[in-house]
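Asks: The structure under discussion is supplied below as structure tokens; questions concerning it will follow.
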Amino acid sequence: MNLDQGQHKDTGPSLRRVYLDHAATTRVRPEVVTAMVNFMGEDFGNPSSIHGWGRVAREAMEQSRANVARLIGARATEIIFTSGGTEADNLAIIGVAMASRGKGKRHLITSQIEHHAVLHTCEYLEEHGFEVTYLPVDADGLVDPQDVAAAIRPDTALVTIMHGNNEVGTLEPVEDIGLVCRERGVPFHTDAVQSAGKVPIDVNAMNIDLLTLSAHKMYGPKGVGALYLRRGTRLEPLQHGGSHERKMRAGTENVPGIVGLGVAAGLAYDELAETSKTLAAMRDRLIEGLLALPNTKLNGHRTRRLPHNVNVSFRDIEGESVLLALDMNGIAASTGSACTSGSLSPSHVLMAMGNTHQDAQGSIRMTLGRDNQPEDVDYVLERMVPIVERLRLMSPLAEGTLRPRGEETPEPAAQPEGSQCACETEEEAPK
Amino acid sequence: MSETYTDQVMDHFMNPRNVGEIADADGVGQVGNPVCGDVMRIYLKLDGDRIADVKFKTFGCGAAIATSSIITELVKGKTIDEALQISNRTVADALGGLPPRKMHCSNLAADALLSAVNDYRAKQGLPPAGEVSEHDHHDGIEDLAAEDDAAETGRDAAAGEVACPSAPCTLRVSERCRQVAAPRRASKSAE
């Protein structure tokens, strides 16, 4: 959210500070910082240079490439470094679309719950003559591989379905979707920004042809990411210039950033099993504790879920007000409410899953990370109870409230789906 | 104006005044819509034409709760005529300002008050003191926000306002709302 409540922070000594927004970004690990600093100072060379300085930078960059490849079961030569997840998504989708245009392929398949880096890229291609199918999801946020199979046409250039959803944490059946695509000869891209380093990924076993990942979601620096491009997959570069990154991404490489990504990816790989287990245990306890509050529902699949993601909706209260109250208690979270998104529509992910506007407005996402302690979960649960109670006491939508005479309280039922308001009808038109 | 909530907003959000209901209220007004994320209800108890007591209940963001709270403080003890002089600008100023994209909350508060006054007047057989539907909570976004927003990038600035084109819908929606609602042109936040 944009509202900076820094100035309102309680400075009392008893305040615990709990960061539960690791899906937004993570703290760079000290090992990563140390490695990066070196490549801004002493080893500042350009990896394209022939001399010693250049060779040192080149070697470090190739080591990073190997580390990233290992994390997802790829070959080092199949990794393209980018400026982050968004660029990797753009390069994958536009790059494949442009490369297949000549063969008359003008159709793409994606889902309604993708990150905007994918959705808005697909919408951009629609404006340039491509057709896009936006597949629906079920109430848990799952894409049905059979829907993918049914949507594939002779002119389908690419299928792009995310691995782990950034909002609700649902893990899509990418193995099955990948298999469908493989059988039909259509390249398959997945945005694995949230899942890489948290759940095992093997691009070969999962039939993935292109995969996006980002450094700053796995304790690396911001501004660097990678695209996995399976050997033989045709891609047109978006950025033109020198012959960097096998001519797929021109521009002098961000060596410190790439080194940081490499160290972060290496650590993530080595610690994956243990981290994932620890996070999932905290996640499950947090979910259980929150669902003990009345009129609270879990968003996303209960078990097919990123190990660090918790997303619940509190009925009758609005997400931003919960975030503010949590922030006053030193707790950082996020919401799918319209109020914080800078728009008047709540999360497209929650709406695609069939939630009412009201449930979507009351959603809170908490994403755990390696610095969280089990005691953090206890603290959050302890603080959440009075916050939710207080806001519900204030809410005219909560039960037991005196209604104004002769007026119906606008409960969700009074707002039939797709009925009245331009906000709704436009939003619910298939994208 | 920054995107930050002032200390007054945070104070009224954390310690809202006059929360609750009045069982034998003389006037009750409700505005907003859970679809757009805020519903505000104001209860008035009158002594002659003076507001003897006022309570509110609000579903909404921090600014919605704070504007509800401050308007109850502003009107308590005033006559109805004095209370109706309170504009969205008065509400925002009393809170030390609101972030531009939260300005509609101050309109909502002023409208909830007007709606409660109208409810009271209707019971007295009097015509409404003003039209809430034409004075709805998106009114004023344009001038107030554009003014406060001059230094901003224009993402939120100059939100023109139009009636919702769907006939049965009583909402009035800002241009920005319409643009955001159309997926193709949507400008969404970072996740």
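The values are calculated or read from the model by the stated rules, or taken from the named source; none is laboratory data. Just so you know, these numbers come straight off a predicted model, no measurement behind them. Glycine gets a Cβ as well: all are built from the backbone with ideal geometry, and neighbour counts include every protein chain shown.
Asks: Looking at (1) over 28 Å from A:A265 (Cβ atoms); (2) within 14 Å of chain B (Cβ to nearest Cβ), which one does A:D147 not meet, given that it meets all the others?
Replies: (2)
Asks: Between a residue in segment A:342-356 that is within 18 Å of A:E318 (Cβ to Cβ) and any residue that is β-branched (V, I, T) and modelled with pLDDT of 90 or more, which pairs come within a Cβ distance under 7 Å, given they are 6 or more apart or on different chains?
Replies: Short answer, once both residue conditions are applied: A:V349/A:I113; A:V349/A:V168.
This table checks each residue for (1) out of contact with any Pro (no Cβ under 9 Å at 6 or more places or on another chain); (2) more than 7 Å from every other protein chain (Cβ to nearest Cβ); (3) not in a strand (DSSP E or B).
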residue: B:Y5; (1), (2), (3): no, no, yes
residue: B:P16; (1), (2), (3): yes, no, yes
residue: B:D24; (1), (2), (3): yes, yes, yes
residue: B:Y43; (1), (2), (3): no, yes, no
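Asks: Right, something else. Run down A:T425, A:T401 and say which single residue is out of contact with any His (no Cβ under 7 Å at 6 or more places or on another chain), within 8 Å of chain B (Cβ to nearest Cβ), modelled with pLDDT under 90 and not in a helix (DSSP H, G or I).
Replies: Values: A:T425 fails: not in a helix (DSSP H, G or I).
Every option except A:T401 fails the conditions.
Asks: Tell me, please, whether a residue that is facing another protein chain (nearest Cβ under 10 Å) and outside any helix (DSSP H, G or I) can be found in segment B:92-105.
Replies: Within segment B:92-105, the subset facing another protein chain (nearest Cβ under 10 Å) is B:99, B:101-102, B:104-105.
This time we only want the ones that are outside any helix (DSSP H, G or I), so: B:99.
Among the residues of segment B:92-105, at least one is facing another protein chain (nearest Cβ under 10 Å) and outside any helix (DSSP H, G or I), which makes the answer yes.
Asks: Moving on. Just wondering, is there one or more residues in segment B:99-112 that are among the small types (G, A, S), on the phi < 0 side of the Ramachandran plot and surrounded by fewer than 20 Cβ atoms within 10 Å (Cβ to Cβ)? Lay out the reasoning, then the answer.
Replies: Our first condition is that a residue be among the small types (G, A, S); within segment B:99-112, this holds for B:106, B:109-110, B:112.
This time we only want the ones that are on the phi < 0 side of the Ramachandran plot, so: B:106, B:109-110, B:112.
Subset that is surrounded by fewer than 20 Cβ atoms within 10 Å (Cβ to Cβ): none.
The answer is no; no qualifying residue exists.
Asks: Please go through (1) more than 27 Å from A:A281 (Cα to Cα); (2) surrounded by 22 or more Cβ atoms within 10 Å (Cβ to Cβ); (3) more than 21 Å from the chain's Cα centre (by Cα) for A:T356 and return the number of the only condition it doesn't satisfy.
Replies: Single failed check for A:T356: (2).
Asks: Going through A:V322, A:V263, A:V259 one at a time, which residue ends up being outside any strand (DSSP E or B), surrounded by 23 or more Cβ atoms within 10 Å (Cβ to Cβ), in the same structural domain as A:A360 (by TED's automatic domain parsing) and modelled with pLDDT of 95 or more? Outline the logic, then answer.
Replies: Values: A:V263 fails: in the same structural domain as A:A360 (by TED's automatic domain parsing); A:V259 fails: in the same structural domain as A:A360 (by TED's automatic domain parsing).
Among A:V322, A:V263, A:V259, only A:V322 is outside any strand (DSSP E or B), surrounded by 23 or more Cβ atoms within 10 Å (Cβ to Cβ), in the same structural domain as A:A360 (by TED's automatic domain parsing) and modelled with pLDDT of 95 or more.
Asks: Quick test for you: out of A:M328, A:M351, pick the one residue that is within 13 Å of another protein chain (Cβ to nearest Cβ), farther than 16 Å from B:G62 by Cβ and surrounded by fewer than 23 Cβ atoms within 10 Å (Cβ to Cβ). Steps first, please.
Replies: Details: A:M328 fails: farther than 16 Å from B:G62 by Cβ.
A:M351 is the lone residue from the list that is within 13 Å of another protein chain (Cβ to nearest Cβ), farther than 16 Å from B:G62 by Cβ and surrounded by fewer than 23 Cβ atoms within 10 Å (Cβ to Cβ).
Asks: Please pick out the residue among A:L91, A:L119 that is under 24 Å from the mean Cα position of the chain (by Cα), more than 19 Å from A:V224 (Cα to Cα) and part of a helix (DSSP H, G or I). Outline the logic, then answer.
Replies: Values: A:L91 fails: more than 19 Å from A:V224 (Cα to Cα).
Testing whether each residue is under 24 Å from the mean Cα position of the chain (by Cα), more than 19 Å from A:V224 (Cα to Cα) and part of a helix (DSSP H, G or I) leaves just A:L119.
Asks: Output the number of residues of segment A:160-188 satisfying the condition of being β-branched (V, I, T) and assigned to a loop (DSSP other than H, G, I, E, B).
Replies: Step one: filter segment A:160-188 for residues β-branched (V, I, T), giving A:160-161, A:168, A:170, A:174, A:177, A:180, A:186.
If we keep only those that are assigned to a loop (DSSP other than H, G, I, E, B) too, we end up with A:161, A:168, A:186.
Residues that pass the stated criteria total 3.
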